[in-house]
Amino acid sequence: MSLKKTLLAAVTIFTLGATAANAAPLSDMAVLDFPHDPCVAGGPTAADNAAAARLNNVLTGKLRNAMNGYRVSCARVVLDTVRDSGLGQRAEVIAITTTIVESLIENVNEELDHDSLGLFQQRAHYGTRAQRLDPVWSTNAFLDEMLRVHSDGSWRTDPIGKVCQATQRSAFPERYEKEVADAQRIVAELSSAPIPKTVSIYGALADGRMTYSTINSANGNRTKTLVSSDNLGFTPKAMATLNFNTVLVTSPAGVLHRVDIITNNNSLHFNPPVPINGGWTHDMLTYDGYGHLYGIAGSTLMSYVVSRPKPSDVHIGQRAVIDTGFTMRTLTATGDDWLLGVSTTGVLRSYRIKPDNTWAGATLGDKWAGIDEIVSPGGGLYYGKTREGGMYWYLDQNPYDLNGSDLVGHSSDPVDPSGWTQILLSAQPFSTAT
């Protein structure tokens, strides 16, 4: 039997009775080159081939050891199109996850699954053959459908696999979530969007005043620090930055407050803290920039969904216990459902939190005992404050590989050798930059 007939027979088994945008993802069969059109004029570049080689060292799902320059070239078009839409990095991961499952990131030009075509395996009702085989058009069509079925904005906070399934309506909904980690690795590797030049870090002093500092992301130089004359009225216990104008803090009594920053251009001011709710006995808090707030109380890690940029009590909920045993000294978020922290024994740990509230973790280094605060805005940038008040910066070449071999420190060129006296620090996530 020919390869084409073999593929068609396999698809037929899976697609009987299907009414979804696609029925059986082509990736269920094997990592094969399907009949496909190019994604970019001139084909893959030497840079695409080099990126594929690097990705083959870190991918663990369907595309393990199977990335090539062609697939990278297709992924680049998808990512550039999503970036042009302004929907942000989470949409990039959603789109790449979908293409892994649907087509193994190939612009499939033969109707191997009913009348589905292209990177997203879109059925005929989506558009013409030429449109569905146009990577830019098909990506925009996917995004339009995603926004249509998530008109309440839930694509920003729902598990990524759930978002893919709601958009594609596959007969095999469980396939998407398994590829999310690899999609994040691909997005990290192929990110052409420059890291924002300015890193914004909020801080709290023991007397209840707040600070705002900016750091040049390219060279690690601190460019500004402002100290408020306003006072929180208490010494905060935990702190998380939601966006440029909104910070969450907890009081010693366990009350969660929202702090609305009203200006921090040449001076730092904020309105009186707004109580949100009691019972927040967390030792640390962090926000990932994608609607997920994480906290540790004792050694128990918990997650919450934040559904508004300036939340009240009804906008922070869906509490879930992840696990116990997180004996951390400091905690930060590095991306969508990714955490980083230093344990009480001085070990740097990275964690991926999965939609079913299980997790995977790895040690990135074991000589971090001198760091008592670590923060990250994303983009693989980490900032660690020593107990002596020094601030040091680090770059993780791939923050989603659960591997510390590509973590580069700048010990000889710190942000500041001293002077950071804040008791709490929190970076504004790049994904919520304004």
Query raised in the report: Does region 171-190 contain at least one residue that is free of Cβ contacts under 8 Å to residues at least 24 places away in the same chain and outside any helix (DSSP H, G or I)?
Result: no
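Residue by residue, here is whether (1) farther than 22 Å from Thr332 by Cα; (2) of a type in the set (Phe, Trp, Tyr); (3) out of contact with any strand residue (DSSP E or B) (no Cβ under 6 Å at 6 or more places or on another chain) holds:
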| residue | (1), (2), (3) |
| --- | --- |
| Thr235 | no, no, yes |
| Asn245 | no, no, no |
| Asn265 | yes, no, yes |
| His269 | yes, no, no |
| Gly278 | yes, no, yes |
| Leu285 | no, no, no |
Report summary line: Restricting region 280-297 to residues that are modelled with pLDDT of 95 or more and among the small types (Gly, Ala, Ser), the one surrounded by the fewest Cβ atoms within 10 Å (Cβ to Cβ) turns out to be Ala297
Report summary line: Going through (1) over 19 Å from His36 (Cα atoms); (2) in contact with a strand residue (DSSP E or B) (Cβ under 8 Å, 6 or more places away or on another chain); (3) surrounded by fewer than 23 Cβ atoms within 10 Å (Cβ to Cβ) one by one, Asp84 fails only at (2)
Report task. Would you mind stating whether Arg71 is part of a helix (DSSP H, G or I), free of Cβ contacts under 8 Å to residues at least 60 places away in the same chain and buried (at least 20 other Cβ atoms within 10 Å of the Cβ)? Result -> yes
Query raised in the report: Looking at region 387-403, which of the residues that are among the charged types (D, E, K, R) and within 16 Å of Ile371 (Cβ to Cβ) is modelled with the highest pLDDT?
Result: Glu388
Query - Pairs, first surrounded by fewer than 20 Cβ atoms within 10 Å (Cβ to Cβ) in region 119-135, second hydroxyl-bearing (Ser, Thr, Tyr) and not in a loop (DSSP other than H, G, I, E, B), C-beta under 9 Å, six or more apart - result: Gly127/Ser138; Gln131/Ser138
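Taking region 320-346 as the region of interest, how many residues are of a type in the set (Val, Ile, Thr) and crowded, with 18+ Cβ neighbours inside 10 Å? Quick ask: steps written out before the conclusion?
Going through region 320-346, the residues of a type in the set (Val, Ile, Thr) turn out to be 321-322, 324, 327, 330, 332, 334, 342, 344-345.
Among the residues that remain, those that are also crowded, with 18+ Cβ neighbours inside 10 Å are: 322, 330, 332, 334, 342.
Result for region 320-346: 5.
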Query raised in the report: Residue check: is Thr211 free of Cβ contacts under 8 Å to residues at least 60 places away in the same chain, in the same structural domain as Ile262 (by TED's automatic domain parsing) and over 28 Å from Val58 (Cα atoms)?
Result: no
Query raised in the report: Within region 356-377, can one find any residue that is in the same structural domain as Arg222 (by TED's automatic domain parsing), in contact with a Phe, Trp or Tyr (Cβ under 6 Å, 6 or more places away or on another chain), farther than 21 Å from Asp288 by Cβ and of a type in the set (Gly, Ala, Ser)?
Result: no
Report summary line: Expected output for region 377-401 (first residue within 21 Å of Tyr202 (Cβ to Cβ), partner crowded, with 22+ Cβ neighbours inside 10 Å and of a type in the set (Gly, Ala, Ser), Cβ below 6 Å, 6+ apart or cross-chain) is Pro377/Ala427; Gly378/Gly335; Tyr382/Ser376; Tyr392/Gly384
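Yes/no matrix, rows are residues, columns are (1) at pLDDT below 95; (2) assigned by TED's automatic domain parsing to the domain that holds Gly379; (3) in contact with a strand residue (DSSP E or B) (Cβ under 9 Å, 6 or more places away or on another chain); (4) more than 28 Å from Ser431 (Cα to Cα):
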position: Asn22; (1), (2), (3), (4): yes, no, yes, yes
position: Ala30; (1), (2), (3), (4): yes, no, no, yes
position: Pro35; (1), (2), (3), (4): yes, no, yes, yes
position: Gly42; (1), (2), (3), (4): yes, no, no, yes
position: Val77; (1), (2), (3), (4): no, no, no, no
position: Thr99; (1), (2), (3), (4): no, no, no, no
Requested in this report: Of the conditions (1) free of Cβ contacts under 8 Å to residues at least 24 places away in the same chain; (2) under 16 Å from Leu242 (Cβ atoms); (3) of a type outside the set (Phe, Trp, Tyr), Ala297 clears all except one; give me its number.
Outcome: (2)
Query raised in the report: If we scan region 54-72, do we find a residue that is modelled with pLDDT of 90 or more, more than 18 Å from Glu111 (Cβ to Cβ) and in contact with a Gly (Cβ under 9 Å, 6 or more places away or on another chain)?
Result: yes
Requested in this report: May I ask you to list the residues in region 197-217 that are in contact with a strand residue (DSSP E or B) (Cβ under 8 Å, 6 or more places away or on another chain), outside any strand (DSSP E or B) and either at pLDDT 95 or above or not basic (Lys, Arg) (or both)?
Outcome: Leu205, Arg209, Ser217
Report task. Evaluate region 106-118: report whether one residue or more is modelled with pLDDT under 95, outside any loop (DSSP other than H, G, I, E, B) and hydroxyl-bearing (Ser, Thr, Tyr). Result -> no
Query raised in the report: Out of the residues in region 220-264 that are part of a loop (DSSP other than H, G, I, E, B) and free of Cβ contacts under 8 Å to residues at least 40 places away in the same chain, which is surrounded by the most Cβ atoms within 10 Å (Cβ to Cβ)?
Result: Ser251
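The values are calculated or read from the model by the stated rules, or taken from the named source; none is laboratory data. Predicted model, so just to flag it, every value in this text is computed and none were measured. We place every Cβ from the backbone using ideal geometry, glycine too, and count neighbours over all the protein chains shown.
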